[in-house]
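Beneath this line is the structure, given in structure tokens, with notes to follow.
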Amino acid sequence: MPKPSPETYNPYFKRYIDQVPEEDLTIAFDNQLPIITGFLNSISEDKSTYAYAPGKWTLKELLQHIIDTERIFNYRALAIARKETAPLPDFDEDSYAANSNANSRPWQILVDEFLLVRQSTRFLYDSFTEEMLASSGISSNAPSTVLSFGFTTLGHFYHHKKVMEERYLS
């Protein structure tokens, strides 16, 4: 299926969806996996505890945020695909990060966890029919389709990769 149109997702997520160059979700997942692996494996344990300013997340906390957010987006996609009618809530990313315990975990364990979450994400999206991908529900007080969460998930990683490159690794 092609990229979702703007009326099928929360306007806030446009900044993520626009970062995905592919028009096809399956191809986009295929193309992103080696980027994730190469990029995250290039970061050392020593560098992973770096925060670019006081009060900012470390790289470990940022990666945990990506993991947590992917799980939340997957729950939203699953709930909508399964015809959940209740509106799905927001989440407080700063509270999640503050309570993640990410800094006490080894970087490689976080990388491995993310790769397993991504594998699960891929299986989830591969299980959806075109009808399920087109299903719409309410999330964060806005209409959202299952397909839009797939592209948002991909774009969320690209967004944070760019943040890491510009603020943490330059």
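Laboratory data are not the source of any read-out in this text; all were calculated from the coordinates shown. The shown structure was predicted, so the numbers you read here are calculated from the model rather than taken from an experiment. As a convention, Cβ positions derive from the backbone with ideal geometry for all residues, glycine included, and neighbour counts pool all protein chains shown.
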- line: Computed from the beta carbon distance with a Förster radius of 22 Å, FRET efficiency for Leu78 and Ala142 to the nearest 0.05 stands at 0.80
message: Suppose every Lys and Arg Cβ carries +1 and every Asp and Glu Cβ carries -1, with no other charges. What dipole size does the chain come out with about its Cα centre, to the nearest 20 debye?
response: 200
- request: Calculate the spin-label point distance for Glu166 paired with Phe39, positioning each point 7 Å from the Cα along the beta-carbon direction, and give it in nanometres.
  value: 1.3
Lys/Arg +1, Asp/Glu -1 at C-beta; the chain dipole; positive extreme among Ser48, Ile67, Ala81: Ser48
query: Given Met132, Val117, Pro2, which one lies farthest toward the positive end of the charge dipole of the chain, if we put +1 on the Cβ of every Lys and Arg and -1 on the Cβ of every Asp and Glu?
result: Val117
- prompt: Nearest 10 degrees, 0 to 90: what angle lies between the long axis of helix 59-81 and the longest principal axis of the chain (Cα atoms)?
  reply: 10
message: Given axes a ≥ b ≥ c from the Cα gyration tensor, I'd like to know whether the range 86-170 is rounded (a/c under 1.5), prolate (a/b larger than b/c) or oblate.
response: prolate
- prompt: Ranked highest first by average number of other Cβ atoms within 10 Å, how do 115-121, 41-47 line up?
  reply: 115-121, 41-47
message: Using the Cα centre of the range 6-168 as origin and beta-carbon charges of +1 (Lys, Arg) and -1 (Asp, Glu), tell me which of Asn141, Met164, Asn31 is placed farthest towards the positive end of the dipole.
response: Met164
message: Report, in listed order, any pair from Lys83/Lys162; Lys47/Lys161; Lys83/Lys161; Lys60/Lys162; Lys14/Lys47 with a Cα-Cα distance greater than 26 Å.
response: Lys83/Lys162; Lys83/Lys161; Lys14/Lys47
task: Kindly express, to the nearest 10 degrees and within the range 0 to 90, the angle between helix 25-41's C-alpha long axis and the longest C-alpha principal axis of the chain.
output: 10
- prompt: Which of the peptides 72-78, 86-92 is most tightly packed, and how do the rest follow, judged by the mean count of other Cβ atoms within 10 Å per residue?
  reply: 72-78, 86-92
field: Angle in degrees between helix 107-127 and the longest Cα principal axis of the chain, rounded to the nearest 10
entry: 10
- request: Would you calculate, for the chain, the mean residue ellipticity at 222 nm contributed by helices, counting each DSSP H stretch of 4 or more residues as -39,500 (n - 2.57) and dividing by all residues, to the nearest 500?
  value: -18000 deg cm²/dmol
